[in-house]
Amino acid sequence: MIVLTVLKYLSVVVTLATGLISIIWPKSIKGFTGLEASSPRAISEIRAVMGGVFVGLGVAAFILNTPDVYKMLGIGYAFIAAVRGVSIVVDRSTDRSNIISLVTEILLALILIW
């Protein structure tokens with residue numbers, strides 16, 4: 001039980017780190033996500049959507065600290081993984097970083113929902 005609790009906290013830390021990196025260094029995510037911060041508008045979008053949402057969800061999990069909040073975050077990761085899985089097939093986007101993201105999202109979903 002304690003191992004699962006630690007894994008849930010680590011999952012939230014991963015969520016927060018993803019968000020903070022997107023906010024502080026939006027241009028650095030190109031190497032992994034393929035998203036290019038090529039204009040002020042693009043930088044703003046990366047900071048707001050990838051940064052703000054992930055930081056907000058991570059902070060909420062730590063502040064509210066209830067099983068339902070962790071499940072909600074896990075459901076979010078499950079849907080991200082489901083859409084990514086469909087996109088990998090439909091868009092023929094089987095590059096390594098996309099597969100790593102899919103596996104990571106599935107693991108985070110399982111940890112957080114369980």
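The values are calculated or read from the model by the stated rules, or taken from the named source; none is laboratory data. All of these numbers come straight from a predicted model, not from anything done at the bench. Reconstructed Cβ throughout: ideal geometry from the backbone, glycine too, with neighbour counts over all protein chains shown. With ligands, DNA and RNA removed, areas are computed over all heavy atoms of the protein, side chains included. Shrake-Rupley method; radii C 1.70, N 1.55, O 1.52, S 1.80 Å.
Need one number: convex hull volume per residue for the chain, Cα atoms only, in Å³.
Details: hull volume 11.3 nm³, N = 114.
Output value, Cα hull per residue: 99 Å³.
What FRET efficiency would be calculated for the residue pair K27, T104, taking the C-beta separation as r and a Förster radius of 22 Å, to the nearest 0.05? Write out the running numbers ahead of the final one.
Working: r = 22 Å, r/R0 = 0.98.
After rounding, the FRET efficiency stands at 0.55.
For I75 and S93, calculate 0.36 nm times their separation in residues minus their Cα-Cα distance, and state this gained length in nm to one decimal.
Working: separation 18, 0.36 × 18 = 6.48 nm, distance 2.32 nm.
Length gained between I75 and S93: 4.2 nm.
Got a number for carbon plus sulfur as a percent of the chain's accessible area, 1.4 Å probe?
Exposed carbon and sulfur together represent 73 percent of the surface.
Residues with beta-carbon under 15 Å from that of P26, excluding P26: net charge, scoring Lys, Arg +1 and Asp, Glu -1?
+2
Let me check against my output: what whole-number percent is the relative contact order of the chain, with C-alpha pairs under 8 Å and at least 6 apart?
29 percent
Averaged per residue, what accessible area in Å² does the range 14-91 show with a 1.4 Å probe, protein chains only?
Values: 4660 Å² over 78 residues.
Accessible surface, normalised per residue, equals 60 Å².
Apply the membrane-span-like helix rule to the chain: whole DSSP H runs, Cα extent along the own long axis of at least 24 Å, mean Kyte-Doolittle hydropathy at least 0.0. List the helices found.
2-24, 67-90, 96-113
Gap in Å between the Cα centre of the range 1-28 and the Cα centre of the range 71-114?
One Cα centre to the other: 15 Å.
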